[in-house]
Amino acid sequence: MNAQTGLTTKIARWLSGSEGAEVPVEEATSREATRNGSTREVERRQDLYNEIGSFLFAHDLDLTVVNFGLALDYITGNDHEIEKAVRAILSERGQLTNGAAEQIVAERHAGEMTAESLSNMLNTVEENLDRFSTLASESSESASDYGAALQAKFKDMEGKESSKDMVATLINLTRSMVEKSRQIEGEMRESQKKTHALQQSLETARKAAEQDHLTGLPNRRAFEARLKEEVAQAAENGEPMSVAFCDIDHFKKINDSHGHDTGDRVLKFVGSLLAKISDEKCHVARHGGEEFVMVFRGKTASEACEIVDQTRADLASRNLVDRNSGERMNQVSFSGGVADVFAYEDAREALKAADRALYLAKEHGRNRVYMASGSDDPAE
């Protein structure tokens, strides 16, 4: 189930990462400060974990993956729709039940394309292709049978039947062949229509499964697939490669102060600014919540850091206005972390390094971009 798969990633993201963090390059930050920042991040995650547990026990909810994910999305504001649905039930009933929690999550993901539905579509396409193959085989066999029947009839009729009888026999054979061909042709046209409709559905499903509905950017699933392709391409071409995380600062305050509609518009605006970076070697995606992720093929970590920082400065200089109230909003900014992919064992480790650099940027004041050093080893 998609919701459970996504949740497993969420839980791992919040509860993992107790090892040391990279030293940012923007300022001469000491390793001691790095360790302190890492400790604070662990404490922050522990506090969140405790808060989720308190929520579950307060409402006597079972310790299930669905309930844990719902609590996480509600407390962090990571999923606006779930947060609003939970608030509505708490306002109306004052208590959240297991059934209500399951219904909220089910309704939230009702429109998503599941692995099962995609599999069913593919199975139907395969069945149509098999039918095409069968029909083509039948058509070929019919033509062969027709030729064999003609040849046999000629031999059988030779010297026995009049020309008139031979013509009548040939006409009957031909009529039978024409009727069979028309039947096969009609079935093939019908199968072709069905297959074409399924191909369109599959394409729509593929786009929906790989696109973030709010920002229009690729989603996490699409990014992970792209990352593998870019790593392989960079390794083959001997190119440098970097990854980056960006996270909007104090996003929950934006939602609390201006409402989720304004928060969504901020997400779309930040996404549009980051999308301007994109080209054939740079890809931007929404990673989840208020976080975005990028891959830069052909760019060193330093070069990628500069590009991301320029976008950060652009955003921080904007005077955004709440469309609903007409009031000027407080400064909207993001923090970022960048890492060199080939400085780590694999791309996943590089992403973790960029993530740790991002949280250090948050710890040291926000509205800045830090670069991972490429090594977690303590100084000797």
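Each residue, Arg175 and Arg40, gets one label point 7 Å from its Cα in the Cβ direction; the gap between the two is 9.3 nm. So for the range 220-371, Kirkwood radius off the Cα pairs, Stokes-Einstein at 4 °C and 1.567 mPa s: how many µm² s⁻¹? Answer from the Stokes-Einstein relation: 83 µm²/s. Across the range 222-257, the residues whose backbone nitrogen lies under 19 Å from the label position 7 Å along the beta-carbon direction of His364 are 243-250. Phi-derived couplings, Karplus 6.51 cos²θ - 1.76 cosθ + 1.60 at θ = phi - 60°, listed residue by residue for the range 301-314: 4, 5, 5, 5, 4, 5, 5, 5, 5, 5, 5, 4, 5, 4 Hz, with x used for Gly and Pro. The 3J(HN,Hα) values that the Karplus relation (6.51, -1.76, 1.60; θ = phi - 60°) gives for the range 229-240 are, in residue order, 5, 5, 4, 4, 5, 5, 5, 5, 8, x, 9, x Hz. Gly and Pro appear as x.
For Lys281, no residue 5 or more places off, or on another chain, has a built amide H under 5 Å of its own. A simple spin-label model places pseudo-atoms 7 Å from Cα toward Cβ; at Ala168 and His213 they are separated by 7.0 nm.
Just so you know, all these numbers are worked out from the coordinates, no wet-lab data involved. Treat the numbers as computed from the prediction; the structure is a model and nothing was measured. Every residue, glycine as well, gets a Cβ built from its backbone with ideal geometry; the counts of neighbours run over all protein chains shown.
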